[in-house]
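As C-alpha cells, the structure follows; a few thoughts come after it.
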Amino acid sequence: MQGEGQAIGGRSMASMTGQLLVATPALKDPNFDRTVVLLVAHEPGGALGVVLNRATEVPVSDVLGDWSALARDPAVLFEGGPVQPDSAICLARMRHPVRRLKGFHQVLGAVGTIDLSVDPERMRENVSGIRVFAGYSGWGAGQLEQEIEEGSWFVLDALPGDAFVDRPDDLWPMVLRRQGGMMAAVAHFPPDVSLN
C-alpha cells in the first residue's frame, strides 16, 4: 500500500503524526490484532503511537487520582502498546484548538499529549477530556513503513473524537466502515479466520 507521503524506494516521506494505523486482517502480531493506533509522533528515526481500543479494568482514579475528574468514559487506563507498560501517555482533547499551552503538545487539531506532571487544575478550563495509556507502540527507523508496505496496516485519517469514543471496542469496525467501499467490507472480517 503506497501513496503520497509514504516511503517509496528510500525517498523521504511526510510525517504521519495524527494519522490512524488500523490493523489489517493480515497483521499477525497478537499485540495489535484488530487495533486502532493513533500516531502521536512520526519522524525519520521512528514512530510512536497509542492503541485507542484496548481498555483495561483499572480506573484512572486508582493510578492518577488528580486527573480522574478529566477522564472520559470509560474512565479507565488503556493498553497503549507493548513498549514500557509501566509508563503513561495521556491524550487530551482541548475545548478550543490551542496553539500554545504549557504541557500540551498538539497531535491533531484539538487533540494532543499532555504532561501529567502539570497540575490538572490548571488544565481544567481548557481540557474537555483525557485518556490515559499504559505503555505505547513504537517502531524504529523504517520499521513502520515496511509493515505498511507488507500490508499490516491501513493508514487512515483520524477524527478528533476517535481517541475518546465511549465504546472503544467498536472503534476498529467503526473506522473501517466509515471509509466505505471495500474497506468497509473488511470491518466484517471474522476475527478467527487466518490469512495464511
Can you pull out the residues in segment 55-77 that are under 24 Å from Leu159 (Cβ atoms) and open to solvent by 30 Å² or more (accessible area, probe 1.4 Å)?
Ala55, Thr56, Arg72, Asp73, Pro74, Ala75
On the basis of being of a type outside the set (A, V, I, L, M, F, W, C) and either crowded, with 21+ Cβ neighbours inside 10 Å or in contact with a Lys or Arg (Cβ under 9 Å, 6 or more places away or on another chain) (or both), does Gly80 make the cut?
yes
If we ask which residues in segment 23-47 are of a type outside the set (Phe, Trp, Tyr), more than 20 Å from Thr113 (Cα to Cα) and surrounded by 14 or more Cβ atoms within 10 Å (Cβ to Cβ), their number turns out to be 6
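Yes/no matrix, rows are residues, columns are (1) of a type outside the set (S, T, N, Q); (2) out of contact with any helix residue (DSSP H, G or I) (no Cβ under 6 Å at 6 or more places or on another chain); (3) farther than 24 Å from Asp157 by Cβ:
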| residue | (1), (2), (3) |
| --- | --- |
| Val36 | yes, no, no |
| Glu43 | yes, yes, no |
| Gly49 | yes, yes, no |
| Pro85 | yes, yes, yes |
| His96 | yes, yes, no |
Subset of segment 171-190 [out of contact with any strand residue (DSSP E or B) (no Cβ under 6 Å at 6 or more places or on another chain) and surrounded by 13 or more Cβ atoms within 10 Å (Cβ to Cβ)]
Pro173, Met174, Leu176, Arg177, Arg178, Gln179, Met183, Ala184, Val186, Ala187, Phe189
In segment 89-128, anything open to solvent by 30 Å² or more (accessible area, probe 1.4 Å), of a type in the set (Gly, Ala, Ser) and closer than 18 Å to Gly18 by Cα is listed as Gly109
So, in segment 51-60, exactly how many residues are touching a helix residue (DSSP H, G or I) at 6+ places or on another chain (Cβ under 9 Å), assigned to a strand (DSSP E or B) and under 12 Å from Ala134 (Cβ atoms)?
2
Got a sec? Which strands (runs of 3 or more DSSP E) wholly within segment 84-196 have at least 2 residues that are of a type outside the set (A, V, I, L, M, F, W, C)?
104-108, 111-114, 127-140
Is one or more of the residues making up segment 61-72 within 19 Å of Gly112 (Cα to Cα), in contact (Cβ under 8 Å) with a residue 24 or more places away in the chain and in a strand (DSSP E or B)?
yes
Go through Pro160, Pro120, Pro168 for me and flag whichever is under 28 Å from Val63 (Cβ atoms) and modelled with pLDDT under 90.
Pro160
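The values are calculated or read from the model by the stated rules, or taken from the named source; none is laboratory data. Computed from a prediction, not measured in an experiment: that's the story for all the values here. Neighbour counts run over all protein chains shown; Cβ positions are idealised from the backbone, glycine included. Areas reflect the complete protein model, heavy atoms only, side chains present, ligands, DNA and RNA absent. Shrake-Rupley method; radii C 1.70, N 1.55, O 1.52, S 1.80 Å.
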